[in-house]
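Presented below is the structure to which this report refers.
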Amino acid sequence: MTEIVPKSPPEDSLPDGFDPFEHLQKIYIPQHNILVSRYFSDLGEDWKPNIATARSSLRVACTMQDSDNQLMMNLRHHLLFDLLGYGRKNLAIYYGSIENIEPPVEGHPKIVFYFSQDSASVPATQDYKADAEYSVRLMDLENTSTNLHSKLVEIATEIKTQFVDAKQGIILTKGNLAVGYKDPKHGFSIGRRVLSSTEADAIDIYRRMCNVIDVPFDEEKITVSNPKKPSTVGAVTQTQVIMGKTRKKRAYRRVVNVRFRYAYALIPGEPQPVFLIDTTSRYTPLVKI
């Protein structure tokens, strides 16, 4: 008698009895609890669940459990991200009138390149992601130029070529070396600088930016500032008291890898930024990766 062997499900299909909610919990809960651990890192790595103090009680309330139902998961998420404010971390908050902001220089659009540290590389002792932002103005275009949209598509396509590799952004190693590039004629005004671990890495970023907007790069316009103070190495342990609260001092130009995430255009008179390229899938860019 021939034995009947049940067929294994194809590798590209879901297994029998697949439970979407259970699968979501297995993926979501560990990721959420990593953020909880980072937010409450001041309680120490050896912290055990307890409600002896107000802060420890908050951590217990925020920590998701495998037995949680959807309502409990939503409440824990809401407590951490909304009430305690974790969702506002790393956001640039503007204080002041949004109607009295000085418009960008002479109506020329500005292209902004944003980099940030990979989440997996952020130590538990570090309470923020390292990031970087660089920009250049389009001196041959005005906000009223009739070909502005088509030019932005061209620029977005070139950004994809220069800053994206295998659908991931290129990596820049930040450091304490400040490399400036001044070329006002082509949109690089005074004050622009790239913090990097080597001069060559910073020059590479400037070359790519010049290629994106199709202007020549001139290495003679590079200036390098090499401070005596070394980069911060390891965890920051020094603290300072600000308005009665103990805060960690900021790391000084830490050596850390940051990855290109997205680029957008700021256009005078246009209230919203125009995203050109986005590797995070958060925004709708002109050109997909």
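The values are calculated or read from the model by the stated rules, or taken from the named source; none is laboratory data. The structure presented is a predicted model; accordingly, all values stated were derived computationally and were not measured. FYI the Cβ positions are ideal-geometry reconstructions off the backbone, even for glycines, and counts take in every protein chain you see.
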Notebook entry, point to check: For the stretch 262-277, how many residues meet the condition of being surrounded by 21 or more Cβ atoms within 10 Å (Cβ to Cβ) and closer than 24 Å to residue 171 by Cβ?
Noted result: 6
Check: Looking at the stretch 174-193, which of its residues are within 26 Å of residue 287 (Cα to Cα) and not in a helix (DSSP H, G or I)?
Finding: 187, 188
Item checked: Residue satisfying condition, being within 25 Å of the chain's Cα centre (by Cα), surrounded by 12 or more Cβ atoms within 10 Å (Cβ to Cβ) and closer than 23 Å to residue 106 by Cα, within set 213, 205 -> 213
Item checked: Hey, residue 39 among the hydroxyl-bearing types (Ser, Thr, Tyr) and at pLDDT 90 or above or not -> no
Next item on the list: Please name all residue pairs, on different chains or six or more residues apart, with Cβ atoms under 6 Å, provided the first residue is in the stretch 121-146 and is over 24 Å from residue 211 (Cα atoms) and the second residue is in a strand (DSSP E or B).
Entry: 129/116; 130/256; 130/258
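For the subset of the stretch 254-289 comprising residues that are among the charged types (D, E, K, R) and in a loop (DSSP other than H, G, I, E, B), which member is nearest to residue 149 (Cα to Cα)? I'd like the intermediate steps shown before the answer.
Of all residues in the stretch 254-289, those among the charged types (D, E, K, R) come to 254, 259, 261, 270, 278, 282, 288.
If we keep only those that are in a loop (DSSP other than H, G, I, E, B) as well, we get 254, 270, 282, 288.
Values: 254: 38, 270: 13, 282: 21, 288: 16 Å.
Per the criteria, the residue is 270.
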Checklist line | Residues of the stretch 171-184 satisfying the condition of being surrounded by 16 or more Cβ atoms within 10 Å (Cβ to Cβ) and β-branched (Val, Ile, Thr) | finding: 179
Item checked: Answer residue from the stretch 107-138, given it is outside any loop (DSSP other than H, G, I, E, B) and within 10 Å of the chain's Cα centre (by Cα) and is modelled with the lowest pLDDT among those -> 119
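Every residue, every condition in (1) of a type in the set (S, T, N, Q); (2) closer than 22 Å to residue 122 by Cα; (3) in contact with a Gly (Cβ under 6 Å, 6 or more places away or on another chain), yes or no:
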{"residue": "205", "(1), (2), (3)": "no, no, no"}
{"residue": "219", "(1), (2), (3)": "no, no, no"}
{"residue": "225", "(1), (2), (3)": "yes, no, no"}
{"residue": "228", "(1), (2), (3)": "no, no, no"}
{"residue": "232", "(1), (2), (3)": "yes, yes, no"}
{"residue": "237", "(1), (2), (3)": "yes, yes, no"}
{"residue": "244", "(1), (2), (3)": "no, no, no"}
{"residue": "265", "(1), (2), (3)": "no, no, no"}
{"residue": "281", "(1), (2), (3)": "yes, yes, no"}
Item checked: Yes/no for residue 160 being outside any strand (DSSP E or B) and either farther than 14 Å from residue 209 by Cα or not assigned by TED's automatic domain parsing to the domain that holds residue 216 (or both) -> no
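Taking the stretch 23-54 on its own, how many of its residues are of a type in the set (Gly, Ala, Ser) and in contact (Cβ under 8 Å) with a residue 40 or more places away in the chain? Break it down stepwise before answering.
First, the residues of the stretch 23-54 that are of a type in the set (Gly, Ala, Ser): 37, 41, 44, 52, 54.
When the remaining residues are screened for being in contact (Cβ under 8 Å) with a residue 40 or more places away in the chain, the result is 37, 41.
Here the count works out to 2.
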